[in-house]
1. Please find the FRET efficiency linking Ala78 to Lys188, where r is the Cβ-Cβ separation and R0 is fixed at 22 Å, and quote it to the nearest 0.05.
2. Lysines within cross-link reach of Lys213: Cα-Cα under 21 Å, excluding same-chain residues under 8 positions apart?
3. Using Cα pairs closer than 8 Å and at least 6 residues apart in sequence, work out the relative contact order for segment 37-86, in percent.
4. Could you tell me the distance between the Cα centroids of segment 51-70 and segment 112-146, to the nearest Å?
5. Taking θ as phi - 60°, what are the ³J(HN,Hα) couplings along segment 170-186 by the Karplus curve (6.51, -1.76, 1.60), each to the nearest whole Hz, with x for Gly and Pro?
6. What angle, in degrees between 0 and 90 and rounded to the nearest 10, separates the Cα long axis of helix 142-154 from the longest principal axis of the Cα atoms of the chain?
7. Can you give the % of DSSP beta bridges in the chain that are antiparallel, to the nearest 5?
8. Based solely on its DSSP helices, what 222 nm [θ] is calculated for the chain when runs of n ≥ 4 H residues each add -39,500 (n - 2.57) and the sum is averaged over all residues, nearest 500 deg cm²/dmol?
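Values in this text are rule-based calculations from the coordinates and carry no lab data. All of these numbers come straight from a predicted model, not from anything done at the bench. Note that we place each Cβ from the backbone using ideal geometry, even for glycine, and neighbour counts take in every protein chain shown.
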Amino acid sequence: MIEVRNVSRWIQNGARRVEILKGISLAIPAGQFIAIVGASGSGKSTLLGLLAGLDAPSAGEIWLDGVPIHNLAESGLARVRGRKIGFVFQSYQLIQTLTALENVLLPYELNVEGNGLERARRMLEEVGLRDRMDHYPVQLSGGEQQRVALARAFVVEPAIVMADEPTGNLDSVNGSLVLDLLLERNRKSGTTLVLVTHDSEIAGQADRKIVLKDGLVVEDTLPLATVAAGSSDRRVAERGEPEEENHG
C-alpha cells in the first residue's frame, strides 16, 4: 500500500543544509497498523507529511497504492489525497464556520460524485455524535472535535488513514476513545493506519513500530505475537541489521 524508496528531506539555508530525513526506505502492506515514534525533532511528523503528499521529498520515491506521488503536480496530489488518504491532525483542523456535519461532508463533496449527506450523518453517528451534528466547532469539546475530525477522515472510505498525534491534545478518556475508533476502522474496513505518537502505550498496540532518531530508522519491529507464531516473513531490524533468532 505504501512504499518509500531511499527518501531524504532537507532544507537549504544558504550554504548550510539541514537534513531532516536521511535515506529512509519502508514497505507498508495494506491493512497494517504502523506506529511511528521518536523524540521531538526525529523527523516522524515530516515523514508522515511526505507519505500524505503534504510535502515533497528532496530525494527518493514515495508510492501510494501503486501511484508515484513524489513527482506529481499539486492537482494530482490533491486527487490522491482526496480519494486515498484520510488525515487526522493533533489540532483537529476543523473549519470554524461550518457545522460538524458540514465539516464531515466537505471531503465527500470535493472528491466523490453524488450526495454524501446520509453517509456523513452515519459517520458522525458511528463516532457517537448523533446529537452534535449541527454544532459548530467552538460549541464542541476537544474530544468531540477530534471525533468530528475522525468522521471527516473516514467519510470517503480511504484506503489509508494517517494520524499525527491524534490523542496529544486530549485527556486519557477521550484519547482512549479516539484510539479505539481508529483501531475499529483499521479492523472493520482493513484500512491501513499510520500513526505518529509519543505514547508508548499506543505504540504497543500497533502491528508494527518504527522508531526514528536523527532522521534515520533505528528500529522496525513487528509484534511479539508474530514472532511467537514463527512467521517466515517476520523481520525485526535494529539500526538496519536483521535480529538473529534465538532458537535455544
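1. That pair, Ala78 with Lys188, gives E of 0.20.
2. Lys213 reaches Lys22, Lys44.
3. Details: 27 pairs, mean separation 12.3, N = 50.
Normalised by residue count, the contact order of segment 37-86 is 25 percent.
4. What the calculation gives is 30 Å, centre to centre.
5. Those phi angles translate into 10, 6, 5, 5, 5, x, 5, 5, 4, 4, 4, 5, 5, 5, 4, 5, 4 Hz.
6. 80
7. Among the beta bridges of the chain, antiparallel pairing accounts for roughly 60 percent.
8. Using -39500 (n - 2.57) per qualifying helix, the result is -10000 deg cm²/dmol.
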